[in-house]
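Notes follow once the structure below has been shown.
Here, each number is a calculation from the coordinates, and none is a lab measurement. The structure displayed is predicted, hence computed values, not measured ones. Here the Cβ is made from the backbone with ideal geometry for all residues, glycine too, and neighbour counts use every protein chain on show.
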């Protein structure tokens with residue numbers, strides 16, 4: 001009978017249990033942009049989930065990486081929509097103020 005040798009132990013830095021393929025998109029750029037330009041609270045949540053994607057993928061947690069990627073995208077979209085709504089309300093507010101200020105400048109001394 002031949003003697004079987006055990007497999008060598010994993011070397012330092014070798015990926016252990018890493019899923020095959022490419023990691024899901026982390027949407028970090030979109031998260032940062034929506035945080036800066038749109039809505040801070042939802043943008044920060046998006047950054048937190050975006051930062052988790054690559055770490056979970058490297059640890060072998062493909063499902064966790066996909067879930068974090070999905071949440072990062074969702075919160076980035078929510079932040080962008082919230083930012084657009086706030087900007088639209090801002091514009092409407094000042095249009096209404098400007099329209100009402102014209103009524104105050106009518107010269108009533110002619111009557």
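Just a few scattered comments:
- Maximal additional length on extending the residue 74-residue 99 stretch stands at 5.3 nm, based on 0.36 nm per residue less the C-alpha distance.
- Förster radius 41 Å - calculated FRET efficiency between residue 5 and residue 32, Cβ distance, rounded to 0.05: 0.20
- Residue 54-residue 81 FRET efficiency (beta carbon distance; Förster radius 22 Å; 0.05 resolution): 0.25
- Available extension along the chain between residue 44 and residue 88 is 13.7 nm, counting 0.36 nm per residue and deducting the alpha carbon span.
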